[in-house]
Amino acid sequence: MTTPCHSLRNHLLISMPHLQDPHFSHTVTYICDHSEYGAMGLVINRPIGITLAELCDHLSIPCLSVANQQREIFSGGPVRSDRGYVLHKADDPMDWSSSHCVTDNILLSTSLDAIEAAAAGQFNHNYLIALGCAGWGPGQLEQELSNNVWLSCQANSDILFTIPAGDRLQAAASILGVNLDLLTAHTGHA
């Protein structure tokens, strides 16, 4: 599989203010994979009101890291909402052979051992757990971009893992020098 030179892997999609889709309105989506076959990402600013401790309790996994027990779980998107995705940093990607390398040090894992590692405090707060993901078919994301549904920018770890969820949309837009409050869905003529 070849990746086109315009791949948006490791980019953030910033929803435009006029996007009305309830799954993506006012969201920031991290693109984990993008090729001629389509794209896959995780919405990173929609907490679902469940903590890591509650998720671990549901999965019968001990949540040993007291510091991580109240960590928010996110709605990653409308696709496969029953499946967990763990986006995390790793010093050595070889430690996570069943994971998808997004970058040299950011991985996407879907195995239970990644949730166990988060519950044990192994990721040092550099992780995000989401239920579900976002997906686009071949050419679909490119069409949405040309229709001005999204802005895109290079991702950074602070937005992914450090900045509070409620601030991530404007933080991503700020990378581009955009204030989303000043944008409108209406066009006009001067």
* Subset of region 47-82 (residues that are over 20 Å from residue 123 (Cα atoms) and among the β-branched types (Val, Ile, Thr)) -> 48, 79
* **Residue count, region 19-73 (criterion: touching a residue at least 24 places away in the same chain (Cβ under 8 Å), outside any strand (DSSP E or B), at negative phi and in contact with a strand residue (DSSP E or B) (Cβ under 7 Å, 6 or more places away or on another chain))** => 8
* **Of the criteria (1) at pLDDT 95 or above; (2) closer than 21 Å to residue 70 by Cα; (3) of a type in the set (A, V, I, L, M), which one residue 120 fails** => (1)
* To do: Could you please find all residues in region 25-37 being more than 12 Å from the chain's Cα centre (by Cα) and surrounded by 19 or more Cβ atoms within 10 Å (Cβ to Cβ)?
  => 34
* When residues of region 1-24 are filtered for being among the aliphatic types (A, V, I, L, M) and within 10 Å of the chain's Cα centre (by Cα), how many remain? -> 2
* To do: Go through region 76-180 and tell me which strands (runs of 3 or more DSSP E), entirely inside it, have 3 or more residues that are open to solvent by less than 20 Å² (accessible area, probe 1.4 Å).
  => 79-89, 106-109, 127-136
* Is one or more of the residues making up region 11-32 within 21 Å of residue 113 (Cβ to Cβ) and not aliphatic (A, V, I, L, M)? -> yes
* Answer with yes or no whether residue 114 is hydrophobic (A, V, I, L, M, F, W, C) and at pLDDT 90 or above. => no
* Asked: Only one of 135, 139 is within 30 Å of residue 57 (Cβ to Cβ) and not β-branched (Val, Ile, Thr); which?
  -> 135
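The values are calculated or read from the model by the stated rules, or taken from the named source; none is laboratory data. The structure displayed is predicted, hence computed values, not measured ones. All Cβ positions, glycine included, derive from the backbone under ideal geometry; neighbour counts span all protein chains shown. Ligands, DNA and RNA are stripped out before the accessible areas are found, and what is left, the full protein with its side chains, is counted by its heavy atoms. Shrake-Rupley method; radii C 1.70, N 1.55, O 1.52, S 1.80 Å.
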